Amino acid sequence: MTLDADCIFCKIIRSEIPCFKLHEDDRTLAFLDINPVHPGHALVVPKHHAADVFETPAEWLSATVETAQRVAQAVRATFDPPGLNLLQCNGPAAAQSVAHYHMHVIPRATDDGLTMNWALVPGDMDELARIAEQIRTNM
Ligand code: 5GP
Ligand code: ZN
């Protein structure tokens with residue numbers, strides 16, 4: 001486990017800053033988001049400081065997803081929302097504001113105005129084939 005002295009989530013992991021804790025184990029901590037979209041909006045963090053999905057070792061990502069599933073089940077049992085998003089942001093353009101990998105557990109309400117608002121416009125098949133080939137060369 002590596003933690004960072006100045007990171008807000010590392011401070012929460014070290015209990016230097018309080019949180020409304022939902023779950024803790026050897027590898028992860030889950031707590032309520034301080035700016036909740038809906039009641040039950042929670043964050044799950046690995047107890048390892050790394051900025052994003054690119055820098056976080058796979059075993060920490062796996063542990064985070066396992067805990068996120070557990071939190072999602074508890075949030076569903078508590079609020080029975082009609083939907084729930086697991087959301088994870090990487091980089092400022094993707095709306096990441098805290099540079100410690102984390103997963104949001106966001107219970108949703110019908111027509112709550114939170115949208116991933118891309119239209120379902122079919123892609124160009126030749127372009128899709130070209131892009132898939134480009135990405136495959138980097139896998
Ligand atoms: P991001 O935009 O990086 O995906 O999300 C960061 C989240 O961390 C935001 O939703 C924000 O409300 C939450 N957050 C930031 N600082 C604190 C804090 O000190 N305590 C808690 N509980 N949540 C925080
Ligand atoms: Zn950190």
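The table that follows gives values for the structure above.
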| item | result |
| --- | --- |
| Residue list for the range 39-70, restricted to those being assigned to a loop (DSSP other than H, G, I, E, B) and over 14 Å from Leu86 (Cβ atoms) | Pro39, Lys47, His48, His49, Ala50, Ala51, Asp52, Phe54, Glu55, Thr56, Pro57 |
| Within the range 113-139, tally of residues that are at pLDDT 95 or above and under 24 Å from the mean Cα position of the chain (by Cα) | 2 |
| Residue within the range 35-42 that is within 14 Å of ligand 2 (Cβ to nearest atom) and β-branched (Val, Ile, Thr) present | no |
| Residue list for the range 1-38, filter: assigned to a strand (DSSP E or B) and in contact with a strand residue (DSSP E or B) (Cβ under 7 Å, 6 or more places away or on another chain) | Lys21, Leu22, His23, Thr28, Leu29, Ala30, Phe31, Leu32 |
| Residues located in the range 65-88, provided they are among the polar types (S, T, N, Q), open to solvent by 50 Å² or more (accessible area, probe 1.4 Å), more than 15 Å from ligand 1 (Cβ to nearest atom) and under 12 Å from the mean Cα position of the chain (by Cα) | Gln69 |
| Whichever residue in the range 54-64 is surrounded by fewer than 16 Cβ atoms within 10 Å (Cβ to Cβ) and of a type in the set (A, V, I, L, M, F, W, C) and, among such residues, is nearest to ligand 2 (Cβ to nearest atom) | Phe54 |
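The values are calculated or read from the model by the stated rules, or taken from the named source; none is laboratory data. Computed from a predicted model, the values in this text were never measured in an experiment. Note: ideal-geometry Cβ built from the backbone for every residue, glycine included; neighbour counts use all protein chains shown. The area values use the complete protein model at the heavy-atom level, side chains included, leaving out ligands, DNA and RNA. Shrake-Rupley method; radii C 1.70, N 1.55, O 1.52, S 1.80 Å.
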